[in-house]
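The values are calculated or read from the model by the stated rules, or taken from the named source; none is laboratory data. Keep in mind that this is a model prediction, so the values were computed, not measured. Here the Cβ is made from the backbone with ideal geometry for all residues, glycine too, and neighbour counts use every protein chain on show. When the accessible area is computed, the model is the full protein with side chains, heavy atoms only, and any ligands, DNA or RNA have been set aside. Shrake-Rupley method; radii C 1.70, N 1.55, O 1.52, S 1.80 Å.
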Amino acid sequence: PGGATPKQQGGGSALDLRVDSPRYDNKTFGDVPWLDASAVLSEDGKSLTVFGVNRSRSESLDIMLDIGGFGRFSRVEHTALHHDDIKAVNSAATPDKVKPSPATSAPVDGDSIALRAGPLSWNVWRLS
């Protein structure tokens, strides 16, 4: 919530991710991945929280998350922040115009899970 960092939201140890993502060329930053991601393993090791931003304006990203070595997770909660109008903003008159909402996710399948991030979205997947 608010300005909390992924570590504060996930509560635990930040993980070093290996992200393989399509890329695009940006005049200022050069070769930029569509997907920016971070993850936090809870202090007790019973939950894993993955944060992901899809920078693509038009394409959803299919993400294969390898969770081998973290034990068994059976539940995934997905929350996404997205609005079809990229210029949409919250205001006093419409304070909930752009807000996080529950999203669907595929079930855990052994040591991997298939995730999907919609275009121009910020996502949180909590595995437990």
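Data for the structure
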{"read-out": "Karplus 3J(HN,Hα) series, Hz, for segment 92-108 with 6.51 cos²θ - 1.76 cosθ + 1.60 (x for Gly, Pro)", "value": "4, 6, 10, x, 10, 4, 10, 8, x, 9, x, 10, 8, 9, 6, x, 5"}
{"read-out": "In sequence order, calculated HN-Hα J values of segment 42-57 (Karplus, 6.51, -1.76, 1.60; Hz; x Gly/Pro)", "value": "4, 4, 8, x, 8, 9, 10, 10, 10, 10, x, 10, 9, 8, 5, 6"}
{"read-out": "Rel. contact order, % - alpha carbon contacts under 8 angstrom, at least six apart, the chain", "value": "28"}
{"read-out": "Derived scalar couplings ³J(HN,Hα) [segment 65-71; Karplus, 6.51 cos²θ - 1.76 cosθ + 1.60; whole Hz; x for Gly, Pro]", "value": "9, 8, 10, x, x, 9, x"}
{"read-out": "Net charge dipole size for the chain [Lys, Arg +1 and Asp, Glu -1 on Cβ; Debye, nearest 20]", "value": "320"}
{"read-out": "Tally of Lys pairs whose C-alpha atoms are under 22 Å apart, taken over the chain, 8 or more apart or cross-chain", "value": "5"}
{"read-out": "Burial ranking of peptide ranges 101-109, 22-30 (average Cβ count within 10 Å, highest at the top)", "value": "101-109, 22-30"}
{"read-out": "Accessible carbon and sulfur surface of segment 83-128 relative to its total accessible area, %, 1.4 Å", "value": "56"}
{"read-out": "Farthest toward positive dipole pole in segment 41-111 [+1 Lys/Arg, -1 Asp/Glu at C-beta], among 83, 65, 95", "value": "95"}
{"read-out": "Highest average packing first - 63-76, 40-53, Cβ atoms within 10 Å", "value": "40-53, 63-76"}
